[in-house]
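Colleague: One structure follows; several queries about it will come next.
The values are calculated or read from the model by the stated rules, or taken from the named source; none is laboratory data. Predicted model only: the values in this text are computed from it and were never measured. Neighbour counts run over all protein chains shown; Cβ positions are idealised from the backbone, glycine included. Please note that ligands, DNA and RNA were not included when accessible areas were found on the heavy atoms of the full protein model with its side chains. Shrake-Rupley method; radii C 1.70, N 1.55, O 1.52, S 1.80 Å.
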Amino acid sequence: MLCAIATRTTKSVWSRNRNPATFKASSRRTYHGNMSKTTQLKKVFLEMGIIILIAISIGLAVNHRMLLDILNGTKSAPIPSPTFSSAENSQIAPAGLLQVRELYEKDLALFVDARETPAFDAAHIRKAVSLPVSEFERKQPEFRKKHDLSTRLVVYCSGYGCHDSRLLSEKLYNTGYHDILVFEGGLPEWKEAGLPVEGTNK
Amino acid sequence: MKNSHKRILMILLRMGLGIVFVYASFWKIRNPEAFAGSVAAYDVLPFFLNHLVAATFPWIEATCGILLITGYRVKAAAGIVAALNIIFIVLLASTVVRGLDIDCGCFRQGGAKTPAWQVILRDFIFLAMAVSIFNYQRGAMFSRK
């Protein structure tokens, strides 16, 4: 019943102004007719709903494969790693969660957090050290003193939307660290996997 | 302001806003998985929902953008755009409060990071544009003789 009313209203909303030639005339009639302000607003909200529904349907239709893959579990954790374009950075390799996790558990790498200090203080991978890209020049000498150039580094930041880990790894590479992995899933993926995190706001 | 000037201003506003939204949706539609990563970085939704949002949301942006540009159902499109910008602003503010240091993922995915306050400011401008388009359309409905 409700559905029928909705369909009827929908139809009238869409059909009334469909023809551009009659649009002006009909809209003037509606605007200055006896349609109240709230009815007008209701109409607009209805239109908004229809627009959103149509858009969502298109999105679902276009991306149904990706979504089904995820639902069936045939798609592993997110997103193919963007490749590093410049050849001189060939030693900087992207790394997935599994690889990074193994390094972590066997204590085979130093985890470097590329985010700003407040973000690091709030939450970071346990045992990771902070080296914000923005303060690299200032903090780099100290970092260099503490960690030998042959140290294997895993650099991370806030996940796929974040560029800092790559910037930082390039800078580290240029200072002489040549065994660098970029953990592109970053802290969000790490947290989601339930791996150890520490900080004031875990 | 003279009515005709205002009309032209509003056309420019809705064109501008429409182009921004179509442009923004373009990058997300081209690479929904990268956009899912950007959504995941906000750390508000579980894995599958991030992808569901990534699959559908850009199309809402694109549809509204196209409606704004073409001038068809402008008021409704402007209303949606305003609502979206309010959501963006709330989400971005929450990343600042929670101390997340992420890129907004607004346009090109995985590019250099734009500071959150700058994005919030930008979204307020878009919100103002959308609201004035929304209001102007109603103005035309009710006050013009």
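Colleague: Kindly indicate which of A:ARG144, A:ARG138 is away from chain B (no Cβ under 14 Å) and exposed (fewer than 13 other Cβ atoms within 10 Å of the Cβ).
Modeller: Numbers: A:ARG144 fails: exposed (fewer than 13 other Cβ atoms within 10 Å of the Cβ).
Matching residue, one of A:ARG144, A:ARG138: A:ARG138.
Colleague: Would a scan of segment B:100-107 turn up a residue that is of a type in the set (Val, Ile, Thr), under 23 Å from A:SER165 (Cα atoms), buried (at least 22 other Cβ atoms within 10 Å of the Cβ) and within 10 Å of chain A (Cβ to nearest Cβ)?
Modeller: yes
Colleague: Can you name every residue in segment B:71-87 that is open to solvent by 30 Å² or more (accessible area, probe 1.4 Å) and touching a residue at least 24 places away in the same chain (Cβ under 8 Å)? Spell out the reasoning first.
Modeller: Going through segment B:71-87, the residues open to solvent by 30 Å² or more (accessible area, probe 1.4 Å) turn out to be B:71-72, B:83, B:86-87.
Across segment B:71-87, the qualifying residues are B:GLY71, B:ILE86.
Colleague: Considering segment A:171-202 alone, what residues qualify as being among the acidic types (Asp, Glu), within 19 Å of A:LEU131 (Cβ to Cβ) and open to solvent by less than 40 Å² (accessible area, probe 1.4 Å)? Quick ask: steps written out before the conclusion?
Modeller: First, pick out the residues of segment A:171-202 that are among the acidic types (Asp, Glu): A:179, A:184, A:189, A:192, A:198.
With within 19 Å of A:LEU131 (Cβ to Cβ) added as a condition, the list becomes A:179, A:184, A:198.
The one that is among the acidic types (Asp, Glu), within 19 Å of A:LEU131 (Cβ to Cβ) and open to solvent by less than 40 Å² (accessible area, probe 1.4 Å): A:GLU184.
Colleague: Please find, within segment B:12-43, the residue that is nearest to B:TYR136 (Cα to Cα) out of those that are within 19 Å of the chain's Cα centre (by Cα) and open to solvent by 60 Å² or more (accessible area, probe 1.4 Å). Step through it out loud before you land on a result.
Modeller: Taking segment B:12-43 and keeping what is within 19 Å of the chain's Cα centre (by Cα), we get B:12-32, B:34-42.
Subsequent filtering for residues that are open to solvent by 60 Å² or more (accessible area, probe 1.4 Å) retains B:12, B:15, B:19, B:23, B:26, B:30-31.
On the way: B:LEU12: 13, B:MET15: 14, B:ILE19: 19, B:TYR23: 24, B:PHE26: 28, B:ARG30: 33, B:ASN31: 35 Å.
Residue satisfying both the conditions and the ranking: B:LEU12.
Colleague: Let me ask something else about it. What are the residues in segment A:124-145 that are at pLDDT below 90 and either within 23 Å of A:GLU102 (Cα to Cα) or charged (D, E, K, R) (or both), if any?
Modeller: Passing the criteria: A:GLU135, A:GLU137, A:ARG138, A:LYS139, A:GLU142, A:ARG144, A:LYS145.
Colleague: Could you please find all residues in segment A:150-163 being surrounded by 24 or more Cβ atoms within 10 Å (Cβ to Cβ) and either within 17 Å of B:CYS106 (Cβ to Cβ) or aromatic (Phe, Trp, Tyr) (or both)?
Modeller: Passing the criteria: A:TYR156, A:SER158, A:GLY159, A:TYR160, A:GLY161, A:CYS162.
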